[in-house]
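The next block holds one structure in the form of structure tokens; read it before the comments.
The values are calculated or read from the model by the stated rules, or taken from the named source; none is laboratory data. Only a predicted model underlies this, so the values are computations on that prediction, with no experimental measurement involved. Cβ: placed from backbone, ideal geometry, glycine included. Neighbour counts: every protein chain shown. In case anyone asks, the SASA skips ligands and DNA or RNA and just uses the protein heavy atoms, side chains included. Shrake-Rupley method; radii C 1.70, N 1.55, O 1.52, S 1.80 Å.
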Amino acid sequence: MALFALSIPYAIEPSRRLLSLVQLYAALITNYGLFLGLSSLKSRTASRLFLSVAVIVLVLATLEVHFGLRPFVDEIRSVIHQENYDDTARDLELYGAVRPTVFASEPSLVGIFWGLALCGWLLADADRWGVGRLIVTSLLTASAIFVIRSPTIFYAVAICVIGLIVHRLRRSPNPGARLAKSALLFACFILVITSTSLLMQAADEFGGVIGDIVKGDSFYSRQIGPYRLASSMADTSPFFGFGLGGDAEMTPYAMDAFGPAIENMLAGVNALDVDSVPGMAINFREGKTSHLLTNSFWQFWISFGILGGAIVAAVVAFALAKLGVREIGFVLLGATLMGQTMGAVVIAPAWTPMFVIAAFTFRWTKARYPLASRSTRSASQGLQLGERLQTSR
């Protein structure tokens, strides 16, 4: 509320900022309800629920791609989304096959949803991790990569690996385990923040598949464009950013950040065919600059700025702590990783990964310290003995 009030005197379109604030509140309240529902389930029940979801999505994706279900899926999608997915040529070029949509607006959402379901299965009941789950996880992940063919799956796999390591470290009686856990989370945050520049450098040096992906319009719009716009924000309005709904304020800088991708998209477009114009170009032309940002992590900092973003992140962390969420650092890291795969800050799906991962860790058992428990038990027995002696005297 304070950040919104401070932004009004400098806002070009105050009504858009007010609408964005209302949307943000609605998104947070909706996901809070989701958190309450998931955290009320037993660990094993939640784990099985997400495993069932992952299997169902994978089966539907397989039927769509390999068993002729695609016309039926397209028919349902045309009713739900009022559009068809036409980037099959790009899928064949980059991924070697047509990717499934499973009734979603685009294939990447299938990868995000499936990956989040995988995280739910493994992290909601992390105590049951073993060789059997490792084998099943490997088979499911390999199948999903082959059928869904979405890079977003790898972000979910990274969250699972980091989460299982954090869960093991927090249960260790070794005093250095907490330090190792903090160092791991900090290193992962640094790696995620610098991943865009590292991938761009790797593409220049090695080329190949990495070069094709990095130089593609999809990677540019999801990673490079938001990264460049965040750099412009840091130079222009570093403390409180462009503000929620600050499309008009960021448009001049977005033209420079996203210009190469839009020009590349429009290069082969038929001027007479309106339907062939990419949605990114339409959003840009209509002044919906925030719709270009398909990376909610960078959009968060673009909207709130460095100081404002730090304040909002601290408030969110405090709120999670008051809800009883454990391993808040890991929850924020998981939200940061999944934020690389989707856009927007004020819509519910942008906050869903954070609240869902928080629900996963909500029922993690407290760390076990056998030696400390023995010492505490011995001290308690000593006090009880002393009280008995005093009573007898």
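Answer with yes or no whether F362 is aromatic (F, W, Y) and modelled with pLDDT of 95 or more.
Working: aromatic (F, W, Y): yes; modelled with pLDDT of 95 or more: no.
Against the criterion (aromatic (F, W, Y) and modelled with pLDDT of 95 or more), F362 does not qualify.
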| Taking region 21-77, which residues are surrounded by 14 or more Cβ atoms within 10 Å (Cβ to Cβ) and outside any helix (DSSP H, G or I)? | L41, L69
| task | Please tell me if L333 is more than 15 Å from the chain's Cα centre (by Cα) and of a type outside the set (D, E). | result | no
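Of the residues that sit in region 152-175 and are open to solvent by less than 60 Å² (accessible area, probe 1.4 Å) and among the hydroxyl-bearing types (S, T, Y), which one is nearest to P100 (Cα to Cα)? It would help to see each step written out before you state the result.
Filtering region 152-175 for residues open to solvent by less than 60 Å² (accessible area, probe 1.4 Å) gives 152-153, 156-160, 162-164, 166-167, 169-172.
Narrowing further to those that are among the hydroxyl-bearing types (S, T, Y): 152, 172.
Values: T152: 14, S172: 42 Å.
Going through the qualifying residues, I end up with T152.
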| query | With respect to the numbered conditions (1) within 22 Å of the chain's Cα centre (by Cα); (2) open to solvent by 70 Å² or more (accessible area, probe 1.4 Å); (3) in contact (Cβ under 8 Å) with a residue 60 or more places away in the chain, which one is the sole condition not fulfilled by E13? | reply | (1)
| message | What pairs come out if I take residues in region 42-65 that are without any contact (Cβ under 8 Å) to a residue 12 or more places away in the chain and pair them with residues that are open to solvent by less than 60 Å² (accessible area, probe 1.4 Å) and among the hydrophobic types (A, V, I, L, M, F, W, C) whose C-beta lies under 6 Å away, six or more apart or interchain? | response | L63/L69
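Given the criteria open to solvent by 50 Å² or more (accessible area, probe 1.4 Å) and in contact with a Phe, Trp or Tyr (Cβ under 8 Å, 6 or more places away or on another chain), does R178 qualify? If you could, list the steps in order and put the result at the bottom.
Numbers: open to solvent by 50 Å² or more (accessible area, probe 1.4 Å): yes; in contact with a Phe, Trp or Tyr (Cβ under 8 Å, 6 or more places away or on another chain): no.
No.
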| note | The lone condition T101 fails out of (1) in contact (Cβ under 8 Å) with a residue 12 or more places away in the chain; (2) open to solvent by 30 Å² or more (accessible area, probe 1.4 Å) is (2)
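Is it the case, given these coordinates, that R149 is in contact (Cβ under 8 Å) with a residue 24 or more places away in the chain, open to solvent by 50 Å² or more (accessible area, probe 1.4 Å) and not hydrophobic (A, V, I, L, M, F, W, C)?
Details: in contact (Cβ under 8 Å) with a residue 24 or more places away in the chain: yes; open to solvent by 50 Å² or more (accessible area, probe 1.4 Å): yes; not hydrophobic (A, V, I, L, M, F, W, C): yes.
So R149 passes the test.
From the list A203, A254, which one is hydrophobic (A, V, I, L, M, F, W, C), open to solvent by less than 30 Å² (accessible area, probe 1.4 Å) and without any contact (Cβ under 8 Å) to a residue 24 or more places away in the chain? Explain how you work it out, then say what you get.
Details: A254 fails: without any contact (Cβ under 8 Å) to a residue 24 or more places away in the chain.
Every option except A203 fails the conditions.
Of all residues in region 235-251, which are assigned to a helix (DSSP H, G or I) and open to solvent by 40 Å² or more (accessible area, probe 1.4 Å)?
D235, T236
Which one of I80, I162 is of a type in the set (A, V, I, L, M), out of contact with any strand residue (DSSP E or B) (no Cβ under 6 Å at 6 or more places or on another chain) and under 18 Å from A61 (Cβ atoms)?
Details: I162 fails: under 18 Å from A61 (Cβ atoms).
The match here is I80.
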| field | Residue check, A144 more than 19 Å from F362 (Cβ to Cβ) and without any contact (Cβ under 8 Å) to a residue 40 or more places away in the chain | value | no
| task | Inspect all residues belonging to region 274-297 and state whether any of them is modelled with pLDDT of 85 or more, open to solvent by less than 30 Å² (accessible area, probe 1.4 Å) and of a type in the set (G, A, S). | result | yes
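Looking at region 82-101, is at least one residue closer than 24 Å to A335 by Cβ and not in a helix (DSSP H, G or I)?
Pass one, region 82-101, residues closer than 24 Å to A335 by Cβ: none.
No, there is no match, as no residue in region 82-101 is closer than 24 Å to A335 by Cβ and not in a helix (DSSP H, G or I).
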| field | The lone exception for G334 - which of (1) at pLDDT below 90; (2) open to solvent by less than 10 Å² (accessible area, probe 1.4 Å); (3) within 25 Å of S105 (Cα to Cα) it fails | value | (1)
| message | Quick check on R222: is it open to solvent by 50 Å² or more (accessible area, probe 1.4 Å) and either touching a residue at least 40 places away in the same chain (Cβ under 8 Å) or touching a strand residue (DSSP E or B) at 6+ places or on another chain (Cβ under 8 Å) (or both)? | response | no
| From the options G111, G132, residue that is farther than 19 Å from S43 by Cα and part of a helix (DSSP H, G or I) | G111
